[in-house]
1. Could you please report the charge total around His206, scoring K, R as +1 and D, E as -1 over all other residues with beta-carbon less than 9 angstrom from its beta-carbon?
2. Length gain on complete extension for the stretch Glu203 to Asp128, per 0.36 nm per residue less the alpha carbon to alpha carbon distance?
3. Can you list, largest first and rounded to whole Å, the semi-axes you get for the range 312-440 by taking the square root of 5 times each eigenvalue of its Cα gyration tensor?
4. How many angstrom lie between the Cα centre of the range 138-159 and the Cα centre of the range 233-281?
5. Taking +1 at the Cβ of each Lys and Arg and -1 at the Cβ of each Asp and Glu, which of Trp215, Leu246, Phe431 sits farthest along the dipole of the chain towards its positive end, judged by Cα position relative to the Cα centre?
6. Just want the answer: with Cβ charges of +1 for Lys and Arg and -1 for Asp and Glu, which residue in Ser444, Ala330, Gln229 is farthest toward the dipole's positive end in the chain?
7. Would you compute, for the Cα atoms of the range 106-466, the largest minus smallest coordinate along each principal axis and list the three values in descending order, in whole Å?
8. Placing +1 on the Cβ of each Lys and Arg and -1 on the Cβ of each Asp and Glu in the chain, which of Leu20, Pro256, Leu69 has its Cα farthest towards the positive end of the resulting dipole?
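Throughout, read-outs are computed from the coordinates displayed, never taken from laboratory work. All values reported here derive from a predicted model rather than from experimental measurement. Neighbour counts run over all protein chains shown; Cβ positions are idealised from the backbone, glycine included.
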Amino acid sequence: MTTTIDVTNRLRELREACPLTQREVADRLGSAVTEKHVGRWERGEVVPSLRYQRLLAGVFGVQVAELGLPAAVSVPRPRVRSSAEDFMADVEQDSRVVESQDRWRATRQALNANRHQLAQTAAGLYPDARLAGTGLIAGAGWIPDGPVDLGAVKLVERPDAPLPVLDGSEREAARLLPDQSLARPFPRYTTAVRDLARPRLFEDRHAWRLLSVDWSAGTLAFGDTTYFQCADVFESLAHELAYVALDADGNAGADPSLRDLPFRRLVGSPFDLGRRPVMPAVSTLTIRRDGDSAEFLMHRRDPRAVAAAGGMLQVIPSGIFQPSSLLPAAREADFSIWRNIQRELAEELLGMPEADGHGRPVDYASGPFGLLDQSREAGRVRVSCLGVALDALTLVGEILTVLVIDADVFDQLAYDFVDRNDEGTVVAERFPFTEAGVRGLLDSGRVAPAGAGCLHLAWQWRDQLLLA
């Protein structure tokens with residue numbers, strides 16, 4: 001017989017506002033929780049333990065008190081459990097484990113709330129490599145003397161490249177992980193994110209690994225990696241800096257040095273691309289050109305949906321450099337920065353389903369892909385590479401590009417633009433591509449480093465980019 005508690009809570013209201021399904025909420029709470037547990041909590045049949053109240057508050061982005069739940073109470077339960085999962089979902093963990101996980105989660109929340117500030121702090125650790133005030137750093141020769149037409153950039157694939165030296169399992173990284181139980185800590189940073197702070201979009205996928213940048217030959221070289229292999233390193237680097245640079249309330253303290261950051265110190269030169277896996281993203285500033293005037297788009301990333309740069313503004317489209325499918329034909333076609341830009345534009349601006357690596361190769365001759373190809377061949381869409389840099393906080397690679405589209409082609413595409421996508425919302429206003437428009441955004445502290453780098457370099461080379 002089920003004991004029903006007389007309680008009205010806000011769990012369903014908060015879940016639907018995200019929006020999330022019961023299964024998605026369960027996935028974010030860890031492997032012991034199923035959608036059945038979430039349903040029982042929403043119906044008031046069971047009050048979740050204090051631990052799960054804290055986790056639910058983190059998923060919904062609210063305080064525990066806003067869940068509308070009473071304090072955890074003792075509820076009569078039958079002596080025989082229906083399943084081991086029921087037992088695991090309803091019992092409390094040891095207070096020492098809870099405290100360890102709460103500390104880790106608090107640091108991660110402070111990290112996500114202060115990524116702009118922390119990127120600036122991180123860039124200060126590499127003063128000779130800073131790219132203005134963008135939060136990016138660039139190796140010698142990584143930024144060309146001007147925009148490079150994307151057609152002139154040669155990509156080289158090296159599938160037999162040696163494995164990186166570091167993988168995020170090192171002692172210096174392991175010290176950043178919370179306890180999974182009294183007997184052991186979490187084995188990986190991505191495992192902790194999965195169980196304690198999972199965003200909506202969190203999946204291990206194949207990606208290309210940046211190996212070298214050589215603008216003298218116009219060449220970028222890549223090997224193979226996966227998202228989790230890279231995230232175990234880059235999110236550990238960010239977490240370490242947040243732990244050291246922010247106080248218990250998430251406010252900035254004294255700027256740390258590399259002596260205070262053992263894992264970052266172990267990484268060594270951020271431009272040694274053989275020492276750790278470097279997963280590059282392709283970030284693209286999209287500019288609508290109409291005669292002598294120009295304007296551009298921005299994207300607000302949802303902190304509940306993405307693992308990095310949540311709450312910040314980013315250029316659009318932007319996404320990890322990876323194939324749309326693991327089928328050999330797709331890998332060959334997708335090993336192209338232009339194809340990556342096209343897919344991300346279709347997903348983020350047109351609402352097309354994400355090519356998540358599990359399906360058939362993308363048909364680039366159809367729909368918006370064909371229109372973009374034809375317009376590029378006609379010179380009405382021009383795409384350039386502005387250089388390669390690293391996010392100073394995470395040391396993630398950033399391939400900085402700009403897409404200049406004639407107004408009539410842009411408007412033909414914009415007819416089907418969405419205002420929301422899986423990663424956040426498209427900012428409704430278009431920003432003027434003027435000194436005031438660009439400088440206002442860069443000075444706001446709201447733009448993710450990659451977006452700031454695109455804006456900074458694109459404005460620096462404005463005349464070349466907008467030349468008819």
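1. Working: positive: Arg205, Arg331; negative: Asp204, Asp224.
Combined, the nearby Lys, Arg, Asp and Glu give 0.
2. On the way: separation 75, 0.36 × 75 = 27.00 nm, distance 3.52 nm.
Full extension of this stretch gives 23.5 nm more.
3. Details: eigenvalues 109, 76, 48 Å².
Value: 23, 20, 15 Å, ordered largest first.
4. The range 138-159 and the range 233-281 have Cα centres spaced 26 Å from each other.
5. Sorting the options by dipole projection puts first Leu246.
6. Gln229
7. Each principal axis gives a Cα extent; for the range 106-466 these are 61, 46, 40 Å.
8. Farthest along the dipole direction, towards plus: Leu69.
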